[in-house]
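J.: Would you mind keeping the following structure in view while I ask a few things?
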Amino acid sequence: MKAVLLVPCAVALLGCARGAPAPNAGLGRVPADSLRGMVAVVGSEPGTWVVLQTESGARATTLAGASGPLRGVTGFEVVVWGAAERPGVFRVDRFAVRAVDGQPALDGTVRRAGSGWTLQPADGPAVPLPSLQDVREGARIWLVRAPDGRVTGHGVISAP
């Protein structure tokens with residue numbers, strides 16, 4: 001009977017031994033993660049913060065990091081990349097607008113291309129743009145197009 005109890009106790013003792021490597025030891029920084037959802041600003045001035053309401057609608061995550069630009073896309077569906085800082089808080093390293101009013105959207109930087117303009121997304125090929133009078137080269141914008149290619153909406157995320 002004593003031998004039956006001795007083995008599990010010895011295994012438990014070895015697991016608690018001083019100098020045992022911590023879980024994930026040597027793996028370096030935890031890899032980046034992503035979340036997708038709707039941006040909202042909550043609270044009352046001056047104590048507001050930016051949150052992401054996920055697609056399931058079950059949780060809101062406070063977004064730390066790029067809160068200035070994220071405030072400019074309140075109500076839009078975005079993907080954010082970064083890492084969890086602690087439960088309920090996600091540090092945003094970068095983000096991309098994916099939908100505006102339920103319509104698929106592009107997010108990128110306006111670039112000159114010969115005599116025309118392109119939108120250069122961070123994660124894809126350049127897209128030809130019509131002349132947008134209120135947008136300057138180097139601006140980061142969001143853009144919604146109709147199925148025939150016409151621009152039906154756009155806005156500036158950050159000026160050049």
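J.: If we count every other residue with Cβ under 12 angstrom of A66's Cβ, Lys/Arg +1 and Asp/Glu -1, where does the sum land? The partial results should precede the final answer.
T.: Numbers: positive: R71, R91, R94, R140; negative: D93.
Summing Lys/Arg as +1 and Asp/Glu as -1 gives +3.
J.: Multiply the residue separation of D101 and A122 by 0.36 nm, subtract the distance between their alpha-carbon atoms, and state the gained length in nm to one decimal. The partial results should precede the final answer.
T.: Working: separation 21, 0.36 × 21 = 7.56 nm, distance 2.17 nm.
Extending this stretch completely gives an extra 5.4 nm.
J.: Sum up the charges of everything whose Cβ sits under 10 Å from the Cβ of A122, counting Lys and Arg as +1 and Asp and Glu as -1, but leave A122 out. Each step should come with its number before you reach the end.
T.: Details: positive: R94, R140; negative: D107, D123.
Residues close to A122 contribute a combined charge of 0.
J.: If you don't mind, there's one more thing I want to ask. Counting other Cβ atoms within 10 Å of each Cβ, which GluC sites (Glu not before Pro) in segment 42-120 have at most 13 and sit in a DSSP loop?
T.: Qualifying residues, ordered by number: E55.
J.: For segment 34-91, state which trypsin sites (Lys or Arg not before Pro) are in a DSSP loop and have at most 15 other beta carbons lying within 10 Å of their beta carbon. Let's see the in-between values first.
T.: Values: sites: R36, R59, R71, R91; in loops: R59.
For trypsin sites (Lys or Arg not before Pro) across segment 34-91 that sit outside H, G, I, E and B with at most 15 neighbouring Cβ atoms in 10 Å, the list reads R59.
J.: Using a Förster radius of 35 Å, what is the FRET efficiency between A83 and V42 based on their Cβ-Cβ separation? Nearest 0.05, please.
T.: Details: r = 22 Å, r/R0 = 0.62.
So the FRET efficiency works out to roughly 0.95.
J.: A further question follows. Using a/c under 1.5 as the rounded threshold, could you call segment 103-158 rounded, prolate or oblate? The axes a ≥ b ≥ c are square roots of the C-alpha gyration tensor eigenvalues, and prolate needs a/b larger than b/c, oblate otherwise.
T.: Numbers: a/c = 1.29, a/b = 1.23, b/c = 1.05.
Rounded is the answer for segment 103-158, as its axis ratio a/c remains below 1.5.
J.: Roughly speaking, what is the centre-to-centre gap between segment 71-90 and segment 107-160 when only Cα atoms are used, to the nearest Å?
T.: 23 Å
No value in this document is a laboratory result; all are computed from the given coordinates. If you're wondering where the values come from, they're calculated on a predicted model, not measured in any experiment. Neighbour counts are summed over all protein chains in view; Cβ atoms, including those assigned to glycine, are modelled from backbone coordinates with ideal geometry.
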